[in-house]
Amino acid sequence: MKLSTMGNLKPFGPLYENAQKQFLKAADLMELDPNIGNFLLWPQRILEVHFPVVMDDGRVEIFEGYRVQHNTARGPAKGGIRYHPDTNLDEVASLAFWMTWKCAVMNLPYGGGKGGVRVDVTKLSEKELERLSRRFFSEIQMMVGPHKDIPAPDVNTNAKIMAWYMDTYSMNVGYTALGVVTGKPLDLGGSEGRPEATGRGVAITANEACKVLGKDISKATVAIQGFGNVGSYSAKILSEEFGAKVVAVSDVSGGLYNENGLDIDDLIAYRDANKGLIKGYPKAKPITNEELLELDVDILVPAALENAITEKNANNIRAKIIVEGANGPTTPEAEEILIKKGVLIVPDILANAGGVTVSYFEWVQDLQTFFWDIDDIRKKLTKMMVNAFAEVYKTKEKYNTDMRTAAYIVAISRVANAVKERGYYPM
């Protein structure tokens, strides 16, 4: 399938171009209708805003922000808002593009969205952060809403900021609209199980990967790069609920290794008392992040940075299963090497989709103003993750391809069918 040249459309930058290449690989294999394919290659809507914020000293600074909706054929747009000094349109558009496929592979009634503000939050006071957040959300309000586009936390945003967003929107429309964002505090329509959701999804898909390879996860060894929210919950759930032995973890301060397995609760307590870092933990041997990736373990969970696994270190990786907790941790070149070695890679749009799935649960609960307990959340999430993994693996076998391409085929098929069934308006 060839890229559309109508209107001289070009990718926003290298990240979006790479995202399109992943899409095109699957589109070619499944022989996607090029009319639908060319539509799905591009965002439907892009809003760029420049807005003033009054600083504590009385100065007025102008900030730049974005909201991108990639596709809404299956339902409202869904995706986080990030605050970062390097945020740009290429990044935000690419993340919105990926969110479409993440939602579709989980069979959620959403399309992909993403937002961002170019700002260094470390230079803002609490009040400046609140004024920026409320003004930005007012600026993009024309695009968002419980039935239009539902943002969520992302890099440097959190439940507190989601509460400000919800309150700002509610004050502007004149009624409390709990469903306008997800990732909110529990007292404001948040959902049980949201903090652990992405890590739980990683653990569930790791277990499913073991099953298809005939492995017993309770006898598996695991290394996890990244010990933030996703990595620490992945480690805790894999060890406590699935019986796996987590022998290594790492964060920005370095890595830890214990061949007998790490006490995850003890390590989390140490991290929380040590300014969020695991460096210096006395019950494990220090190792580097690079050494962690190359350990002789059954399961490797890259849950930190993008492009952690490259063609430079792929040949040295000895794990049989890679479960991508982070977004884009494996480069295309590295993936080719790993697949030739027989490594099963559970791709990010499946492996870390637990977060958006429980965000969907939160939205449903907000709309019906009836809330579920933690057992309901976990049971529903497990069922959806297991079903999604099975569908992707079945597609992998059908097309004799890798898991990432299979996940894209599943997702693209669902979105393409929605586009086809809705038709083109006006005719």
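Residues in region 104-119 that are not in a loop (DSSP other than H, G, I, E, B) and not basic (Lys, Arg) were compared, and the one that is farthest from residue 410 (Cα to Cα) is 117.
Residues in region 32-45 that are open to solvent by 80 Å² or more (accessible area, probe 1.4 Å) and at pLDDT 95 or above: 45 only. Taking region 275-302 only, how many residues are in a loop (DSSP other than H, G, I, E, B) and loosely packed, with under 14 Cβ neighbours inside 10 Å? Counting residues in region 275-302 that are in a loop (DSSP other than H, G, I, E, B) and loosely packed, with under 14 Cβ neighbours inside 10 Å gives 7.
I'd like the full set of residues that are out of contact with any His (no Cβ under 9 Å at 6 or more places or on another chain) and either open to solvent by 40 Å² or more (accessible area, probe 1.4 Å) or assigned to a loop (DSSP other than H, G, I, E, B) (or both), limited to region 120-138.
122, 123, 124, 125, 126, 127, 131, 134, 135, 138
Within region 303-323, being open to solvent by less than 20 Å² (accessible area, probe 1.4 Å), closer than 22 Å to residue 203 by Cα and either in contact with a Gly (Cβ under 7 Å, 6 or more places away or on another chain) or without any contact (Cβ under 8 Å) to a residue 60 or more places away in the chain (or both) holds for 303, 309, 317, 322. Looking only at residues of region 150-162 that are in a helix (DSSP H, G or I) and over 18 Å from residue 139 (Cβ atoms), we find that the one that is most open to solvent (accessible area, probe 1.4 Å) is 160. Scanning region 42-87 for residues that are under 25 Å from residue 411 (Cα atoms) and assigned to a loop (DSSP other than H, G, I, E, B) yields 42, 43, 44, 70, 71, 72, 73, 74, 75, 76.
In the list 180, 202, 173, which residue meets the criterion of being within 27 Å of residue 51 (Cα to Cα), surrounded by 24 or more Cβ atoms within 10 Å (Cβ to Cβ) and hydrophobic (A, V, I, L, M, F, W, C)? When all the criteria are applied, what remains is 180. Selection within region 74-98: residues that are hydrophobic (A, V, I, L, M, F, W, C) and touching a Lys or Arg at 6+ places or on another chain (Cβ under 6 Å). The member of this set that is surrounded by the fewest Cβ atoms within 10 Å (Cβ to Cβ) is 95.
The values are calculated or read from the model by the stated rules, or taken from the named source; none is laboratory data. Because the structure is a prediction, the values reported are computed rather than measured. Note that each Cβ is placed from the backbone with ideal geometry, even for glycine, and that neighbours are counted across all protein chains shown. Note: areas computed on protein heavy atoms with side chains; ligands, DNA, RNA excluded. Shrake-Rupley method; radii C 1.70, N 1.55, O 1.52, S 1.80 Å.
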